[in-house]
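Student: One structure is given below, represented as structure tokens, and several questions about it will come after.
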Amino acid sequence: MLISLIAAIRRYARYRSELASMSQLDDRLLRDIGISRADLANSAPRYTGRRPYP
């Protein structure tokens, strides 16, 4: 149980880090890769190759 909790916390931290990185991209670059700012929360795990949270 503790191990799965730690794994979930680590996944969430990676997700937040990826989301922060993608949030720094300008609108033109986001449009070039086919996403909008509204889609960032759902797109962060997909474009970085990681599993979505949780």
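The values are calculated or read from the model by the stated rules, or taken from the named source; none is laboratory data. This is a predicted model, so every value here is computed, not measured. In this analysis, Cβ positions are derived from the backbone assuming ideal geometry, glycine residues included, and neighbour counts consider all displayed protein chains. Just so you know, the surface numbers come from the protein's heavy atoms only, side chains and all, with ligands and any DNA or RNA stripped out. Shrake-Rupley method; radii C 1.70, N 1.55, O 1.52, S 1.80 Å.
Student: Let me cross-check Arg16: its accessible surface, 1.4 Å probe, with only protein heavy atoms counted, in Å² to the nearest 10?
Tutor: 120
Student: Keeping all protein chains in place, calculate the accessible area per residue for the chain (probe 1.4 angstrom), answer in Å².
Tutor: 79
Student: Which one, [x] 42; [y] 53; [z] 37, gives percent of Cα pairs over 17 Å apart as derived from the coordinates shown?
Tutor: Only one listed value fits the structure, namely [z].
Student: Under unit Cβ charges (Lys, Arg +1; Asp, Glu -1), what dipole magnitude, rounded to 20 debye, does the chain have relative to its Cα centre?
Tutor: 260
Student: Another question about this same structure. Pick out, from Ile6, Ala38, Ala20, the residue whose Cα sits farthest towards the positive end of the charge dipole of the chain, with +1 on the Cβ of Lys and Arg and -1 on the Cβ of Asp and Glu.
Tutor: Ile6
Student: Treating the angle as unsigned and between 0 and 90°, give the value, to the nearest 10°, between the Cα long axis of helix 2-23 and the longest Cα principal axis of the chain.
Tutor: 10
Student: Please list Asp32, Asp26 in order of solvent-accessible area, largest first, computed with a 1.4 Å probe with all protein chains present.
Tutor: From most exposed to least exposed: Asp32, Asp26.
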